[in-house]
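Only one structure is covered here, and it is reproduced in the block below.
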Amino acid sequence: MTRIEVVANQSVKPDLIEALQEAVPGISYTLWTGVQGRGGQGVRRGDAIWPEQNVVFMAYVEDRYVQPLREALGQIKERFPREGISLFEIPGARQVPLSRG
């Protein structure tokens, strides 16, 4: 299993959701909106000076879906070359059962 994180400009959020759902049918993910920070495309603060913000998607996917996700996100980056879109992968993730006792 691989943990994926996608950090992107909020303007491409609908395209990212669509791409994730097409690449991994039934994908479960966590979405953070209004994310502030500084990266390769500049400062994001959501204020009058730096009005843009980012979104972050996090999901745990079976390894067989990693390549389709890369390809889908690469296509979005080609469509929006000036928008910040970054993919991070953390292989070897596993869910730990929680038990009482």
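Throughout, read-outs are computed from the coordinates displayed, never taken from laboratory work. Quick caveat: nothing in here was measured; it's all calculated off a predicted structure. Glycine also receives a Cβ, built like all others from the backbone with ideal geometry; neighbour counts cover every protein chain displayed.
Extending each Cα 7 Å along its Cβ direction at Arg79 and Lys13, get the distance between those two points in nm, one decimal.
Calculated label separation equals 1.7 nm.
Quick check for me: using +1 on Lys/Arg Cβ and -1 on Asp/Glu Cβ, what's the dipole size of the chain about its Cα centre, in debye to the nearest 20?
Its charge dipole is roughly 320 debye.
For helix 13-23, report the angle its Cα long axis makes with the longest principal axis of the Cα atoms of the chain; keep it between 0 and 90° and round to the nearest 10°.
Taking the Cα atoms of the chain, the angle to 13-23 is about 30 degrees.
Length gain on complete extension for the stretch Val35 to Ile49, per 0.36 nm per residue less the alpha carbon to alpha carbon distance? Before the final figure, lay out the partial values.
On the way: separation 14, 0.36 × 14 = 5.04 nm, distance 1.56 nm.
This chain segment gains 3.5 nm when fully extended.
For the stretch 2-88, divide the Cα radius of gyration by the Kirkwood radius and give the resulting Rg/Rh value with two decimals.
0.98
Compute the helix-to-body angle for 66-79: its Cα long axis versus the longest principal axis of the chain, expressed 0 to 90° and rounded to tens.
10
As a check on your grasp of the helix formula, calculate [θ] at 222 nm for the chain: sum -39500 (n - 2.57) over DSSP H runs of n ≥ 4, divide by the residue count, round to the nearest 500.
Result for the chain, helices only: -8000 deg cm²/dmol.
Using every alpha carbon pair in the stretch 39-93, what percent of pairs falls into each 5 Å bin from 0 up to the bin containing the largest distance?
Over the stretch 39-93, the share of Cα pairs per 5 Å bin runs 4, 15, 22, 21, 16, 12, 7, 3, 1 percent.
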